[in-house]
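One structure is given below, encoded as structure tokens.
The values are calculated or read from the model by the stated rules, or taken from the named source; none is laboratory data. Please read all numbers here as calculations on a predicted model, not as lab measurements. Please note: Cβ atoms are built from the backbone with ideal geometry, for glycine as well, and neighbour counts cover all protein chains shown. Surface accessibility is based on the protein's heavy atoms, side chains included, excluding ligands, DNA and RNA. Shrake-Rupley method; radii C 1.70, N 1.55, O 1.52, S 1.80 Å.
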Amino acid sequence: MSTKQTFVFEVTDTFCGEANYCWRREHKIEARSLHGALCVLSRIEGLNFRIVGCDRYDAKGACICAFLLEDL
């Protein structure tokens, strides 16, 4: 049984595909894996995030992205 880790995500809006930072939310999520943390983030935000870069995740059908800031 693996222990839980703390993942810190930053969620913001996008403009022309780039992070815009007109607004910003930060979420600290405890989960056993990155996939589990993304599932929790998706439920909190009401969006479906998919990976597009190393630590960037875009919301499907919305101009919103999330970044993994750190995992503790």
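Quick look at the values:
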quantity: Long-range HN-HN contacts of I64 with modeled amide H, under 5 Å; calculated: T14, A59
quantity: Distance (nanometres) between label positions extended 7 Å along Cα→Cβ at W23 and R56; calculated: 2.1 nm
quantity: From phi via Karplus (6.51, -1.76, 1.60), per-residue ³J(HN,Hα) for segment 43-48 in Hz, x at Gly/Pro; calculated: 5, 4, 7, x, 10, 10
quantity: CD proxy at 222 nm, helix term only [per DSSP H run n ≥ 4: -39500 (n - 2.57); per residue of the chain; nearest 500]; calculated: -5000 deg cm²/dmol
quantity: Length-normalised contact order of the chain in % [C-alpha pairs under 8 Å, at least 6 apart]; calculated: 37 percent
quantity: The chain, dipole about Cα centre (Lys/Arg Cβ +1, Asp/Glu Cβ -1), debye to the nearest 20; calculated: 260 debye
quantity: Environment charge of Y21, counting only residues whose C-beta is closer than 14 Å and scoring Lys/Arg +1, Asp/Glu -1; calculated: -1
quantity: Heavy-atom accessible surface of the chain: percent carbon and sulfur, 1.4 Å; calculated: 53 percent
quantity: Amide proton proximity set for E30, modelled H, under 5 Å, gap of 5+; calculated: F7
quantity: Estimated FRET transfer efficiency (R32, C63; beta-carbon r; R0 35 Å; 0.05); calculated: 0.70
